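Notes for the one structure printed next.
The values are calculated or read from the model by the stated rules, or taken from the named source; none is laboratory data. In this text the structure is predicted, and so the values were computed from the model without any measurement. Methodologically, a virtual Cβ is constructed for each residue, glycine included, from the backbone with ideal geometry; neighbour enumeration extends over all protein chains shown. Accessible surface areas use protein heavy atoms only, side chains included; no ligands, DNA or RNA. Shrake-Rupley method; radii C 1.70, N 1.55, O 1.52, S 1.80 Å.
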Amino acid sequence: MTQTHPKIQGKFYPLTSSELIYLCQILTDAEIKTLLYLKSLHPFTDSYKELDTSAIAEQLNLHTRSIRRFLKKFKELDLIDW
């Protein structure tokens with residue numbers, strides 16, 4: 001018996017395989033998880049969104065200090081605007 005899954009509704013961040021390979025070369029697993037989480041919050045816009053690093057850390061089961069460090073690294077690598 002095949003199990004069917006309902007289609008996921010909403011907006012999606014279009015991750016390409018080449019982008020994923022690049023991210024795996026320059027980021028740790030926790031950093032990738034954080035970056036993809038951020039992109040999923042606001043996937044198709046250039047507008048700025050206020051971030052609560054404590055809430056992100058709690059959602060991803062990471063330390064707030066780690067999230068802040070990741071954000072700084074993402075900015076330095078030009079992966080996010082800040």
Take the conditions touching a helix residue (DSSP H, G or I) at 6+ places or on another chain (Cβ under 9 Å) and at pLDDT 95 or above and apply them to Ile80. Does it pass?
no
Modelled with pLDDT under 70 and under 13 Å from the mean Cα position of the chain (by Cα): does that describe Pro43?
yes
What's the total number of residues in the stretch 46-76 that are part of a loop (DSSP other than H, G, I, E, B), open to solvent by 60 Å² or more (accessible area, probe 1.4 Å) and at negative phi?
8
Can you pull out every residue in the stretch 9-23 that is touching a helix residue (DSSP H, G or I) at 6+ places or on another chain (Cβ under 7 Å) and at pLDDT 90 or above?
Leu23
